[in-house]
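Down below is the structure, laid out as structure tokens.
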Amino acid sequence: MALEDAWTLGELVGQAQGQVDDWPGLLQRMAGTRWQRNARVQARSARNGTIFHAQGALRGARNLAMWVMGEHLLDNPWLYEGRRHRWPDRCSGAQTAFTLASKPSWLWGL
């Protein structure tokens, strides 16, 4: 998420052509563009913590589900598939798209 946040901030500063007079406002716009995706990632992380550290009956249910349905239960294609994430118009005059697939290839190794 930090890399995406940095990329988003860079795009917003770039749209201002490096002349940012209202940093608090720019950071507020950035937060408005990022909160939904970050909230989804955090919720999934909390859920994974419950699942991965399960005990008792929940652990047995998890193991059975993994045995029956396989590892794809843990897949999160929405997180890595390179879907386009659009900023709302309120962030700038025009919408700007962010595509995970547009990141340099060296980032995929992180």
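The values are calculated or read from the model by the stated rules, or taken from the named source; none is laboratory data. Note that this is a predicted model, so its numbers are computed, not measured. No Cβ is skipped: glycine too gets one built from the backbone with ideal geometry, and neighbour counts run over all protein chains shown.
Of all residues in region 39-55, those that are free of Cβ contacts under 8 Å to residues at least 12 places away in the same chain have Cβ atoms under 6 Å from Cβ atoms of residues that are in a helix (DSSP H, G or I), 6 or more apart or on another chain, in 51/62; 54/62. Elements of the type helices (runs of 4 or more DSSP H) sitting completely within region 1-100 and holding at least 3 residues that are within 11 Å of the chain's Cα centre (by Cα), at pLDDT 80 or above and hydrophobic (A, V, I, L, M, F, W, C): these cover 23-52. Annotation note: Cβ proximity below 8 Å between a residue of region 3-27 that is surrounded by 15 or more Cβ atoms within 10 Å (Cβ to Cβ) and a residue that is among the small types (Gly, Ala, Ser) (sequence gap 6+ or interchain) occurs for 12/92; 15/92; 26/16.
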